[in-house]
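To start, the structure under review is shown below, and the notes come after it.
The values are calculated or read from the model by the stated rules, or taken from the named source; none is laboratory data. These figures come from a predicted structure and were not determined experimentally. Glycine also receives a Cβ, built like all others from the backbone with ideal geometry; neighbour counts cover every protein chain displayed. Please note that ligands, DNA and RNA were not included when accessible areas were found on the heavy atoms of the full protein model with its side chains. Shrake-Rupley method; radii C 1.70, N 1.55, O 1.52, S 1.80 Å.
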Amino acid sequence: TNSIFYNLNSGLQLQPLPNLKTVLSVTYNRNESMLAQNTTLGPVLSLGKNFLQNKLNTSLSINFLSNYLNGEQTGETTSIRFNSNMKVHKKQTLTLSVFYVTSESRTDLEQNQFNEIRGSLNYSYRF
């Protein structure tokens with residue numbers, strides 16, 4: 001089966017306060033096949049701030065996406081992501097990432113909800 005995938009993103013970056021980067025964007029994804037047409041679209045808000053003379057970088061992003069199947073809304077997905085990385089030493093970096101997603105889908109027969117929290121802590125040494 002052949003399928004076509006579209007991915008469109010448009011955003012605006014602002015810096016309302018010193019060292020606070022704000023990005024407001026819209027995302028649109030569409031997958032078309034002979035059997036179905038899946039579409040996801042919605043706004044994304046991202047905030048980023050550096051601390052400790054740019055040794056600690058942090059970001060927080062929130063997505064609110066609507067899901068469609070063949071033009072009919074079938075659910076919503078909300079995700080929140082926090083990332084932080086810190087230069088521990090000249091060649092060493094410590095990274096923390098936490099991701100929360102909640103998704104609700106519905107059809108004529110049933111309604112499902114899904115929640116998940118993921119996290120990771122990474123240490124890297126550059127030679």
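Going through (1) in contact (Cβ under 8 Å) with a residue 24 or more places away in the chain; (2) open to solvent by 80 Å² or more (accessible area, probe 1.4 Å); (3) more than 18 Å from the chain's Cα centre (by Cα) one by one, Ser124 falls short only on (2). If the condition is being in contact with a Gly (Cβ under 8 Å, 6 or more places away or on another chain) and open to solvent by 60 Å² or more (accessible area, probe 1.4 Å), then region 99-111 contributes only Arg106.
This table checks each residue for (1) farther than 23 Å from Tyr123 by Cβ; (2) in contact with an Asp or Glu (Cβ under 7 Å, 6 or more places away or on another chain); (3) of a type in the set (Asp, Glu).
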| site | (1), (2), (3) |
| --- | --- |
| Val26 | yes, no, no |
| Gly42 | yes, no, no |
| Leu47 | yes, no, no |
| Leu52 | no, no, no |
| Ser66 | yes, yes, no |
| Arg81 | no, no, no |
| Leu94 | no, no, no |
| Asp108 | yes, no, yes |
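Leu65 meets the conditions (1) among the hydrophobic types (A, V, I, L, M, F, W, C); (2) exposed (fewer than 15 other Cβ atoms within 10 Å of the Cβ); (3) under 11 Å from the mean Cα position of the chain (by Cα) in every case but one. The failed one is (2).
In the list Gly75, Gly71, which residue meets the criterion of being closer than 25 Å to Val44 by Cα and loosely packed, with under 10 Cβ neighbours inside 10 Å? Reasoning before the result, please.
Values: Gly75 fails: loosely packed, with under 10 Cβ neighbours inside 10 Å.
Criteria check complete, one pass: Gly71.
Pick out, from region 49-121, the strands (runs of 3 or more DSSP E) lying fully within it that include 2 or more residues that are without any contact (Cβ under 8 Å) to a residue 40 or more places away in the chain and either of a type in the set (Asp, Glu) or in contact with a Cys (Cβ under 6 Å, 6 or more places away or on another chain) (or both). Let's see the steps before the verdict.
Numbers: elements: 56-69, 72-89, 92-106.
Here the list reads 72-89.
Taking the conditions exactly as written (open to solvent by 40 Å² or more (accessible area, probe 1.4 Å) and assigned to a loop (DSSP other than H, G, I, E, B)), does Leu35 satisfy them or not? Break it down into steps so the answer makes sense when it comes.
Values: open to solvent by 40 Å² or more (accessible area, probe 1.4 Å): yes; assigned to a loop (DSSP other than H, G, I, E, B): yes.
For Leu35, the condition - open to solvent by 40 Å² or more (accessible area, probe 1.4 Å) and assigned to a loop (DSSP other than H, G, I, E, B) - is met.
Inside region 16-48, residues that are without any contact (Cβ under 8 Å) to a residue 12 or more places away in the chain and touching a Ser or Thr at 6+ places or on another chain (Cβ under 7 Å) make up a count of 1. Scanning region 75-95 for residues that are of a type in the set (Gly, Ala, Ser) and under 10 Å from Leu56 (Cα atoms) yields a single hit, Ser84.
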